[in-house]
Amino acid sequence: MNIVLIAGARPNFMKIAPIARALDKAVEAGEVFQYKIVHTGQHYDPKLSQIFFDELNIPKPDINLEVGSGSHAQQSAEIIVKFENYLQGKAVDLVIVVGDVNSTLACTIVAKKMGIKVAHVEGGIRSFDLSMPEEINRMVTDSISDYFFTTSEVANENLMKIGVEKEGRIFFVGNTMIDTLIANEPRFKEPVFFQTEQITSGEYFLLTIHRPFNADDPQKLEKILRMISEASDDRKIVFPAHPRTRNTLSNIQLPKNIIMAEPLGYLHFLYCVKHARAVVTDSGGIQEETTYLKIPCLTLRNNTERPETASIGTNILIKDDLDSIKGHIQNILAGSWKKGNIPPLWDGKTSGRIVEHLLELRTEIENP
Ligand code: UD1
């Protein structure tokens, strides 16, 4: 069995790291198969890409397709052309894609058109908001993938609603991102600027913003920063800014308790999450990480494809009501926030379960 594991953008790297490790373990245990990693190059800044390979010990990719930035059409089209070239003449049996980025969509389309089976890790999640490119990526990927490794029962139901048979195709295994979190928690490390900026554990807020609907609108961005700053009672707000957000920020006067930083590596970033009073974000993965770590999370979005982080975990959606940020932060400071629980199977063993299922399916995977 020949497997190709795809990664393209920052949130993919922490999802493939434990899968690669579980595949390596199966080989060490005597299972006979090969796997290679393909990096599409969707993210190329060292701080958005290479640092995760180094910190999480991800094996060197067989190739980097070096597609870089562009419109969604340009980026996806370039991945499609380059990934098809890569696969030509190779006997690949299975392509594993993770998450919902453009690389996930593009590589799924190529593999399926070449008659190669596709497994989608984190399949089935839905925001039902087609204004988000990620939702389109999820819908297309799930409509043609063969196997689905899911993070929640809600995801299983979403897949069954679009006609995917549960038996033999949908496998509720848990969350590979949480595998990475659990494996690396002892290695989380304090960023150097915590000393220079006198940031105290448990006292600061952590902010991340990168979605176009927040990051590209200077007025909205300015209001978000002001709301958090005013409510935080002079506590520090650590804000590692994505390149896209940094562009918009160049025209905004930052409130003085906002500590802007470069994008952080995994070990520094997760340290910031674990020791924050609360996190304010528009990310998908951070909703899951805060739920696991039981840190209050305010999500700057109208919806979430990860509803269990709100129904079981510590997350709430701010929706369009930016003014409500203040009240929520006051509740957090008063200590009256829901405690939250960890969703089922977010136990650090997800990647092992994925590999077990793949080995059970190998006859079917090898014989299209
Ligand atoms: C992508 C994913 C998003 C994910 C996010 C995490 C899609 C549709 N979006 O969004 O789901 O949550 O990654 O970061 O796949 N840029 C750099 N350096 C880089 C990469 C990007 O400076 O290494 C800048 C470029 O100006 C680029 C912009 O960021 O135009 C956006 O990058 P892009 O890859 O299009 O999407 P993200 O916003 O990063």
Using all Cα-Cα distances in the stretch 276-334, what percent lands in each 5 angstrom bin from 0 up to the longest? 4, 22, 34, 25, 14, 1
The stretch 174-303: spread of alpha-carbon positions along the three principal axes, whole Å, largest first, is 40, 34, 24
Fully extended contour minus Cα-Cα distance, from Asn367 to Asp62, at 0.36 nm per residue: 107.4 nm
Met114: net charge of surrounding residues, Cβ under 15 Å, Lys/Arg +1, Asp/Glu -1, itself excluded? +2
Calculate for the chain the 222 nm mean residue ellipticity that helices alone would give, adding -39,500 (n - 2.57) per DSSP H run of length 4 or more and normalising by residue count, nearest 500 deg cm²/dmol. -12500 deg cm²/dmol
In percent, what relative contact order does the chain have, based on Cα pairs under 8 Å that are 6 or more apart in sequence? 16
Greater than 27 Å separation of Cα atoms is the criterion. Which listed pairs, Lys236/Lys294; Lys47/Lys319; Lys36/Lys161; Lys189/Lys349; Lys25/Lys294; Lys166/Lys319, meet it? Lys47/Lys319; Lys36/Lys161; Lys25/Lys294; Lys166/Lys319
Can you tell me, using C-alpha contacts under 8 Å and at least 6 residues apart, the relative contact order of the stretch 216-368 as a whole percent? 19
Can you list the residues of the stretch 338-368 with backbone N under 20 Å from a point 7 Å past the Cα of Asp24, pointing along Cα to Cβ? 348-359
Find the percent of Cα-Cα distances in the stretch 20-176 that exceed 25 Å, and round it to a whole number. 32
So how many Å³ per residue does the convex hull of the Cα atoms of the stretch 116-250 work out to? 175
Where does the charge balance sit around Pro263 when Lys and Arg score +1, Asp and Glu -1, over other residues with C-beta under 11 Å from its C-beta? +2
Can you tell which of Gly41, Gly174, Gly70 shows the greatest fluctuation in a Gaussian network model of the chain with Cα springs below 10 Å? Gly70
Radius of gyration and maximum dimension Dmax of the chain, Cα, Å: 20.2, 62
Which angle between 0 and 90 degrees, to the nearest 10, do you get for helix 324-333 versus the longest principal axis of the chain when only C-alpha atoms count? 80
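Readers should treat all values here as calculations from the given coordinates under stated rules, not as data from a laboratory. In this text, all values refer to a predicted model and were calculated from it rather than measured experimentally. Here the Cβ is made from the backbone with ideal geometry for all residues, glycine too, and neighbour counts use every protein chain on show.
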